[in-house]
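Undergrad: My structure is below; once you've seen it, I'll send some questions.
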């Protein structure tokens, strides 16, 4: 570098420093991501941390320089979530939060997502899976904690995050109020096919990768784990199960059952719930058998 060039470079560097536009030093995406996840872990519930970690593990720039990531790069990575719109929106939110944290920590001058629009929210879902789709999902589910959880969701209609907290007393499953969405303890009978999967209750981490693998293996388009709950309640209604029994099975907070009655009815309706659960198991079992090609 000539003396003249050196003077020019020195002036440019001084000007950038004065204006606060010093280019960030090299920082690998992986290092920034790990720092962000430590931040998330310290300020959020374990389930939130697991969700963020799962999404960021699927959006990986490895040792690429954080400052070199462009809006186009971001959009390219988000395409991996195209098959499940709700997942894509969640991934967008997680990634935007990550880049905003990078700016706050002075790792970046600005976020590459500043001018990107979030994917539109899906309309309220009304998706009810067909028997062929249930068959495909059941037979694609892996023989591990995640696969067992999916099958339990299909057989009982419970919420994904509550299954791992189930304990069994005979044919009755119990979920403590500390682990239910409405903070109300839930007791409900389970079919024999589900009780086998709940001994013990399945534990699992890494939901994002496991769901993606199941979506691909099942070849069922545009569905979510929560659709299994809606499908369960819809088919119970088709089997002429009364609404208050369906609500008791699902532990709904609002509706026919409320107040003090809800506490007593959890046990008073056990016989009626057993009949409903048995009817559902008889109905669904033939549809879950592996198809011979």
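The values are calculated or read from the model by the stated rules, or taken from the named source; none is laboratory data. Note that the coordinates shown come from a computational prediction; the quantities given were computed from them, not determined experimentally. Because the Cβ atoms are built from the backbone with ideal geometry, glycine has one as well, and the counts that use them run over all protein chains shown.
Undergrad: Just to be sure I understand the filter: pairs with C-beta atoms under 6 Å, separated by 6 or more residues or on different chains, first member in the range 101-117 and closer than 11 Å to residue 75 by Cβ, second member at pLDDT 95 or above and assigned to a loop (DSSP other than H, G, I, E, B). Which pairs pass?
TA: 112/69; 112/70
Undergrad: Could you please let me know if residue 82 is at pLDDT below 90, surrounded by fewer than 13 Cβ atoms within 10 Å (Cβ to Cβ) and within 19 Å of residue 60 (Cβ to Cβ)?
TA: The answer is yes for residue 82.
Undergrad: Take the residues in the range 217-242 that are without any contact (Cβ under 8 Å) to a residue 60 or more places away in the chain and out of contact with any helix residue (DSSP H, G or I) (no Cβ under 8 Å at 6 or more places or on another chain); name whichever of them is surrounded by the fewest Cβ atoms within 10 Å (Cβ to Cβ).
TA: So the residue we want is 240.
Undergrad: Determine whether the range 40-47 contains at least one residue that is part of a helix (DSSP H, G or I), surrounded by fewer than 12 Cβ atoms within 10 Å (Cβ to Cβ) and modelled with pLDDT of 90 or more.
TA: In the first step, residues of the range 40-47 are kept if they are part of a helix (DSSP H, G or I); the result is 40-43, 46-47.
Those still in the list that are surrounded by fewer than 12 Cβ atoms within 10 Å (Cβ to Cβ) too: 42-43, 46-47.
Retained after the next criterion (residues that are modelled with pLDDT of 90 or more): none.
Scanning the range 40-47 turns up no residue that is part of a helix (DSSP H, G or I), surrounded by fewer than 12 Cβ atoms within 10 Å (Cβ to Cβ) and modelled with pLDDT of 90 or more.
Undergrad: So in the range 137-171, with the set limited to residues that are over 17 Å from the mean Cα position of the chain (by Cα) and crowded, with 18+ Cβ neighbours inside 10 Å, which one is farthest from residue 211 (Cα to Cα)?
TA: So the residue we want is 166.
Undergrad: Are there any pairs, at least 6 apart or on different chains, whose C-beta atoms fall under 9 Å, with the first in the range 30-43 and free of Cβ contacts under 8 Å to residues at least 40 places away in the same chain and the second surrounded by fewer than 17 Cβ atoms within 10 Å (Cβ to Cβ) and outside any helix (DSSP H, G or I), and if so, which?
TA: Cβ pairs passing all conditions: 30/60; 30/62; 30/63; 30/64; 31/63.
Undergrad: Just to be sure before I move on: is residue 272 crowded, with 17+ Cβ neighbours inside 10 Å, at pLDDT 85 or above and in contact with a helix residue (DSSP H, G or I) (Cβ under 7 Å, 6 or more places away or on another chain) in the structure I sent?
TA: So residue 272 passes the test.
Undergrad: Quick one: count up the residues across the range 68-77 that are crowded, with 18+ Cβ neighbours inside 10 Å and outside any loop (DSSP other than H, G, I, E, B).
TA: The total comes to 1.
Undergrad: Can you find a residue that is in a helix (DSSP H, G or I), touching a strand residue (DSSP E or B) at 6+ places or on another chain (Cβ under 9 Å) and more than 30 Å from residue 144 (Cβ to Cβ) anywhere in the range 235-248? Show your work before the answer.
TA: First, pick out the residues of the range 235-248 that are in a helix (DSSP H, G or I): 235-238, 243-248.
Still in the list and also touching a strand residue (DSSP E or B) at 6+ places or on another chain (Cβ under 9 Å): 248.
This time we only want the ones that are more than 30 Å from residue 144 (Cβ to Cβ), so: 248.
Yes, the conditions are met somewhere in the range 235-248.
Undergrad: Being out of contact with any helix residue (DSSP H, G or I) (no Cβ under 7 Å at 6 or more places or on another chain) and free of Cβ contacts under 8 Å to residues at least 24 places away in the same chain is the filter here, so list the residues in the range 64-85 that pass it.
TA: 68, 72, 76, 77, 79, listed by residue number.
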